[in-house]
1. If each residue's Cβ is checked for other Cβ atoms within 10 Å, how do A:Val154, A:Val315 rank with the fewest at the top?
2. Give me B:Val322, B:Val85 sorted ascending by neighbouring Cβ count inside 10 Å, so fewest comes first.
3. So how strong a dipole does region A:260-388 carry about its Cα centre when Lys and Arg Cβ are +1 and Asp and Glu Cβ are -1, to the nearest 20 debye?
4. Given the pairs A:Lys131/A:Lys240; A:Lys76/A:Lys131; B:Lys151/B:Lys238; A:Lys76/A:Lys240; A:Lys245/B:Lys253, which span a C-alpha to C-alpha distance of over 19 angstrom in this model?
5. Could you tell me which of B:Phe361, B:Leu386, B:Phe327 has its Cα farthest along the dipole of region B:262-389 towards the positive end, charges placed at Cβ (Lys, Arg +1; Asp, Glu -1), taken about the Cα centre?
6. With angles folded into 0 to 90 degrees, how steeply does helix A:190-200 sit against the dominant principal axis of chain A? Use alpha carbons for both and round to 10.
7. Nearest 10 degrees is fine. How inclined is helix A:2-13 to the longest principal axis of chain A, computing both from alpha carbons?
8. Provide the three semi-axes, in whole Å and in decreasing order, of the ellipsoid equivalent to region B:287-370 as defined by the square roots of 5 times the Cα gyration tensor eigenvalues.
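Please treat every number below as a calculation from the coordinates, not as lab data. Values in this document were obtained by computation on a predicted structure and should not be read as measured data. Using ideal geometry, Cβ is built from the backbone for each residue, glycine included, and neighbour counts are taken over all protein chains shown.
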Amino acid sequence: MKLLRLVFKNLLRHRLRTGLTIVGIATAVMAFGLIRTIVDAWNAGVTGAAANRMITRHRVSLVFPIPLPYKDEIAKIPGVTGVSWAHWFGGVYGDPNDFKNFWARFAVDPETFFDLYPEYQVPPDQMAAFKKERNACIIGRKLAQQHGFKLGDVITMNGDIYAGRWQWVVRGIYTGREPSTDETQMFFQYAYLFEQVRQNEPGRPVEVGWYVLRVATPDAMPRVAAAVDDQFQNSRAPTKTESEKAFQQSFVQMSSAIITSLQVISVVIVGIILLVLANTIVMSVRERTREYAVLKTLGFSGRHLVGFVLGEALVISLSGGVLGLLLTFPIVQGFAKALPTFFPVINVAPLTLALGIGAALLAGLAAAAVPANRVVRMPIVVGLRTVG
Amino acid sequence: MRIPFSYVWRSLWARRLTTALTIGGVALVVFVFAGVLMLARGLEATLVDTGSPSDAIVLRRSATSELSSQVDRATADVLEAENGVARAADGRALLSRELMLVINLYKKKSDAFGNVSLRGVTARALELRPGVRILEGRPFQFGTHEVVVGKSIATQFKGATLGSVLAFGGDRWTVVGVLDAGGTGFDSEIWGDVDQFMQAFGRPVYSSATFRLADPAHFDQLKARFQADPRLQSVELKREQEYYREQSQTLAKFIRILGLLVTTIFSFGAMIGAMITMYAAVANRTVEVGTLRALGFRRWSVLGAFLLESIVLALVGGALGVALAAFLSFQRISVINFQSFSEIGFGFALSPSVVVSALIFAVVMGIVGGFLPAVRASRLNIVNALRAA
């Protein structure tokens, strides 16, 4: 206990230095937490994917639509318990250079889509209103918050993929069942898209972007995928069917270079924590070389001395780590504000917190190793002779 | 009177380990800072150089990319006859009607599929883009199922090398050549005959038309004329460079915001590192400072010496960081650009402006980190300082 007090007394000798070091480590841990959170946010689509859903899309690429009549044939395939479809709308809302004005807009089948996505929770009366009105839409809670959209508001935008000026009335606001549910999307009736295009661009075919399949058990997935893709193998639009998780994963993969560089940066951060901390410990130990020699003379063993150095390093690194993690929350919030809708789901994961503290602890141990070793090895006479 | 520079240098050398640790910290921060700038520069350079200042592109009104754009044959015919379009020696318009699609290919490295742009072009396309040349093999023949692939595609994706056969649009396409577009966006595309592509994919309309301006200086007049032309109401004219700059905007802005946020946080950490080192330097050398003052050096000389020490620390760290970052120029990455929904390959571009910004950044860190400790040193009382120890 007395030894612990000595550690604290030592820490308070250079309050400014100790304080600065803690702040330095806190900054680095905060950056570490932020980057890990961003990587998690990137993967949110994969985390949020349901285990019983599959996606069928055009085999050549997602940008090619597939025919609407496929839905009946897919529904007949054994193991498939539900089919719905969706289509990417695009569109330009307000100033396209403002990140806030970009969010996902899908034309969906009002009767089946929300049955397949129970995580989008819509109050029954709003759902009924949505189904009744051709140009109604349902938007996510976060999206509504960001733009101040309320029930009954009209959202207007220019079409980019589909020409013309488009208008929807907000008839429903959904909330996510899980924290990993994306609450920034907008859904409207597929029939509305179909009718508008026929009116604006006569002769232009309107098809389906992708089908969503619900399967009875996850084990059935490979069989269902093969059955669906075989069915359309030789048709005009061959398909590719995969689990929703794999589908989302492919989006993440497209940005893998950025994710890799973020991971490299987070390792660099641990290096920086180490440097800042090592610097402080090395300095403190060097200044106190004579004191340690005196302690040795008094009969303190090498183990005690290691304890002093290590204790000091750990107290600093832990306080820095905790402070840094506390700061992670506001900075993540600020980041989400700076790039709204870029990451629909951004939460600090428990694993991130654990890793942050772990990194700080590890840095504390590593930073103390060399100076502690030096103190233990130092002959008493040499220590006493040292001039600081 | 100034304190000689050798004093500064020797002071740093005397505490080699601490000096090295601080320099290391600054170097890491500058490395990340320079890396981010290089990446954003590289991306912008790739896409902006893709466009030529003397060319213009016609897209469907309010289309944000070629992928979401449609230009029908009638409109293309009107454009072909326009006298704002430059003519080749044979009197035909220097205009290429193009179709833009995206197909999936598998990446060599990760085995995951990536989106690749497929550009159908007409015979004028190569004339319009003098920067694009055939690196290997030969150009594709019009009227056949032959394609040429950009060199980024050939190196990053499976089954896209010379002589291989790609399957898309219900047909098989032979790769007969590799394009070198000088590091521009075309390096990440596959080119073939536009009519063949339209037939294979059942597309009745083009995506865009690109043409050489007869008079680039009068672009605005031409744009106004197009807007007034009843036959061209569905389309919009853009300078090609402007179009490609817009294409890079989101991704470049994202890299910048993320990168600068991270480096700002980092630099704060490095400044604290420098500050700790300098405070310790001042505390250790109290007697020295007292001696210097007793010898007749003024307060501001002491302040200058300590500040200089901190700047030297930061500058060495900065130079080291930039040197490390220079190795990144050998690295090329390929990442999705959501604006065009296809992969774009680009590198880290080291430019003089990046080096200068990184070094300025380092010096600022040195000044901010060293200022308070230097002030403390300069304010020491001579007698107390000499008595300390």
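1. A:Val154, A:Val315
2. B:Val85, B:Val322
3. Dipole size: approximately 420 debye.
4. The pairs that break the limit, which is 19 Å between Cα atoms, are A:Lys131/A:Lys240; A:Lys76/A:Lys131; B:Lys151/B:Lys238; A:Lys245/B:Lys253.
5. So the residue furthest toward the plus end is B:Leu386.
6. 60
7. In chain A, helix A:2-13 runs at an angle near 80 degrees to the longest axis.
8. Each semi-axis is the square root of five times an eigenvalue, giving 45, 11, 8 Å.
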